[in-house]
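Presented below is the structure to which this report refers.
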Amino acid sequence: TGTLTSVDWVNPHIKVAMEVKSESGKVENWSFESNPPAWFRRVGVGRADLAKAIGQTVKVEGVRAKDASFYGYLQKIIMPDGTSLELVNANTAQEGGK
């Protein structure tokens, strides 16, 4: 959970950046990579849908990079208004989102 600071809507994958306060109170700058812009367009999401949350608190669920850096693959984002976007592949969707 943190403040969304940017949305880069570029190929091959969009990227979002966040400022997250750690348990010790230190601010960490996290980046998350996601699906390509074309995927988002196919599901009816545009850059503006994510960019409207810049400067606001969002919650991200994802897979952290193996090197333990502040980088990961975004799997779900919960927007300030409570709406969420969950990124699933075809196999996961067929399995009921497990």
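Summary of values
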{"item": "Fraction of accessible area attributable to carbon and sulfur, segment 2-86 (%, probe 1.4 Å)", "result": "50"}
{"item": "Length-normalised contact order of segment 2-86 in % [C-alpha pairs under 8 Å, at least 6 apart]", "result": "27"}
{"item": "Sequence-distant residues sharing a close amide H with Ile14 (under 5 Å, placed H)", "result": "Ser34, Asn35"}
{"item": "Distance between modelled label sites at Glu86 and Glu23, nm, 7 Å Cα→Cβ extension", "result": "2.7"}
{"item": "Solvent accessible area, Å² - Met18, 1.4 Å probe, full protein context", "result": "0"}
{"item": "Antiparallel %, DSSP beta bridges [both residues in the chain], to 5", "result": "90"}
{"item": "Virtual spin-label span in nm between Glu33 and Ala51, 7 Å along Cα→Cβ", "result": "2.3"}
{"item": "At q = 0.15, 0.16, 0.22, 0.24 Å⁻¹, base-10 log of I(q)/I(0) for segment 2-86 (Debye sum, equal scatterers on each alpha carbon)", "result": "-0.51, -0.58, -1.10, -1.30"}
{"item": "Net charge of Cβ neighbours under 13 Å - reference Val60; Lys, Arg +1; Asp, Glu -1", "result": "-1"}
{"item": "Separation in nanometres of the label points that stand 7 Å from Cα toward Cβ, at His13 and Ala68", "result": "2.1"}
{"item": "Qualifying trypsin sites (Lys or Arg not before Pro) for segment 1-36 [loop in DSSP, other Cβ within 10 Å: at most 10]", "result": "Lys26"}
{"item": "Difference of contour (0.36 nm per residue) and Cα-Cα distance, Lys59 to Gln75", "result": "4.7 nm"}
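The values are calculated or read from the model by the stated rules, or taken from the named source; none is laboratory data. If you're wondering where the values come from, they're calculated on a predicted model, not measured in any experiment. Quick reminder, even Gly has a Cβ in these numbers, built from the backbone with ideal geometry, and neighbours come from all protein chains shown. Only protein heavy atoms, including side chains, enter the accessible area calculation; ligands, DNA and RNA are left aside. Shrake-Rupley method; radii C 1.70, N 1.55, O 1.52, S 1.80 Å.
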